[in-house]
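The values are calculated or read from the model by the stated rules, or taken from the named source; none is laboratory data. Fair warning: this is a prediction, and the values are worked out from it, not measured in the lab. All Cβ positions, even for glycine, are placed from backbone atoms using ideal geometry, and neighbour counts span all protein chains on display. Side chains included, ligands, DNA and RNA excluded: accessible areas come from the protein's heavy atoms. Shrake-Rupley method; radii C 1.70, N 1.55, O 1.52, S 1.80 Å.
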Amino acid sequence: MAAVEIAKDKERVLLVGIQLIENEKTEESLDELAELVKTAKAEVTGLVIQNREAIHPTTYVGKGKLLEIKDMLWETEATGIVCDDELSSVQLHNLEKELECKVVDRTLLILDIFAARATSSEGKIQVELAQLKYRAARLVGLRDSLSRLGGGIGTRGPGEKKLEMDRRLIRERISKLKSELREVEQHRELIRTSRAASHLKVAALVGYTSAGKSSIENTLTGAGILEDAMLFSTLDTTTRVLELEGKQEILLTDTVGFIRKLPHHLIEAFKSTLEEAKYADIIIHVVDASNPQMDTQMYVVYETLRQLGVEGKPIITLFNKQDKLEAAGRFRDFQADYSILTSAKTGQGLEELKTTLLEIVRRDQIYIERLYPFSDAGKIQLIRRCGQLLEEEYTAEGISVKAYVTQKIYSKI
């Protein structure tokens, strides 16, 4: 693959959004878009919001607003605009023609960030696949802009190809990537099968991007996952063993963060990664309690979980980042089974989390106290492998055992 060229100068962009109804939180959405731009290493020079009954089908905003944006581009010396919605090929082409600058939509911006953050082979395949699907639908609209086919801000990331890439080449590449992704998914399925054989429960950390999932996992397991204030700091799932009281172990796995208007291309491409939550036994929903948009973010998370078919699992909601609050507040998630106030920084609530996890695990376990003859020592091996052996004492009569076992192996011992 050809080397990727990274823009040296920091790009300056205007943010453009449409407010369709009075109660739509367009300003909040643009605030988040500004954070995405910052994550993509660009600078926001201003923002434009237009109140409309519907998004303009050919230019996104109205003609009068186009002139205003053009003046603002000149005044602020911005190099482009970032629109808060996904643009069609026609809108993209017309905006670039009218404004004579780079035009990026929310989807392409997120794809750029994912491209920069992907480190594993699976992550890179998923990102490139999402990028190509996005561009395949916009080749007509891109036209003269094919020279920037690599991306939006910074034109970086896997999936950047030569100028003359056309639909046929894209289709061939997409087909190849899908084949590679199927192989990766088969490998992931084998991992899930081996986890099931270990009889260890799996708890998946889910939540809005930058809610603190990686920090929670690092604090609990010492996983060493990257932590920073940027959105989507980690894309690849990390699974570690978490030891609870009484030497009970479970698997704790991190997942990619959710965000409002998450591009459907990404949901489809990252389906195998996002489905870690679907196959988990317990959902740990991490919420940034210090964020004023907390309620909206929680809604987005639950909507995304519903899209993935995650239902009927015990949910623990962690109202994280309590250390950032000036005063302790009352927090409760009525969609969750448990609500816990936590801080990955100070450790607040993490012992309560471990106690709660143990309580959930114990629901599916049976406590036994038995004396096995020496001829049944093999059953103790089964308990050790698939259950939790608390005590084991060799006496003249046999082997005295205290243990927790799953219902699946109870009949076998």
With +1 on each Lys and Arg Cβ and -1 on each Asp and Glu Cβ, and nothing else charged, work out how big the dipole of segment 75-121 is about its Cα centre, in Debye to the nearest 20.
300
How much of GLU352 can a 1.4 Å solvent probe reach, expressed as accessible area in Å² and rounded to 10?
100
Could you state the accessible area per residue of segment 53-144 in Å², with a 1.4 Å probe and every protein chain left in place?
41
Using 0.36 nm per residue, how much length does the chain from SER179 to VAL241 gain when fully extended, once their Cα-Cα distance is taken away?
19.2 nm
What distance in nm separates the simple spin-label points at GLU189 and PHE374, each placed 7 Å from Cα in the Cβ direction?
4.7
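Could you sort out which of LYS70/LYS261; LYS25/LYS63; LYS70/LYS324 sit more than 29 Å apart by Cα distance in this structure?
LYS70/LYS324, as the Cα separations exceed 29 Å there.
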Positive end of the charge dipole of segment 263-413 (Lys, Arg +1 and Asp, Glu -1 on Cβ, about the Cα centre): tell me which of SER411, HIS264, PHE319 has its Cα farthest that way.
SER411
Result for segment 240-304: accessible area per residue, probe 1.4 angstrom, in square angstrom, of 35
By how many nm would the segment from ASP281 to ARG171 lengthen if fully extended, with 0.36 nm per residue of separation less the alpha-carbon distance?
35.9 nm
Which far-off residues, 5 or more places away or on another chain, put their amide H under 5 Å from the one on ALA40, with H placed in the peptide plane?
none
By its C-alpha gyration tensor, with a ≥ b ≥ c as the square roots of the eigenvalues, how is segment 246-368 shaped: rounded for a/c under 1.5, else prolate for a/b larger than b/c, else oblate?
oblate
Where the only charges are on Cβ atoms (+1 Lys, Arg; -1 Asp, Glu), what is the dipole of segment 1-122 about its Cα centre, to the nearest 20 debye?
300
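By how many nm would the segment from CYS101 to HIS264 grow when fully extended, if each residue of separation counts as 0.36 nm and the alpha-carbon distance is taken off?
Numbers: separation 163, 0.36 × 163 = 58.68 nm, distance 2.63 nm.
Length difference between fully extended and current span is 56.1 nm.
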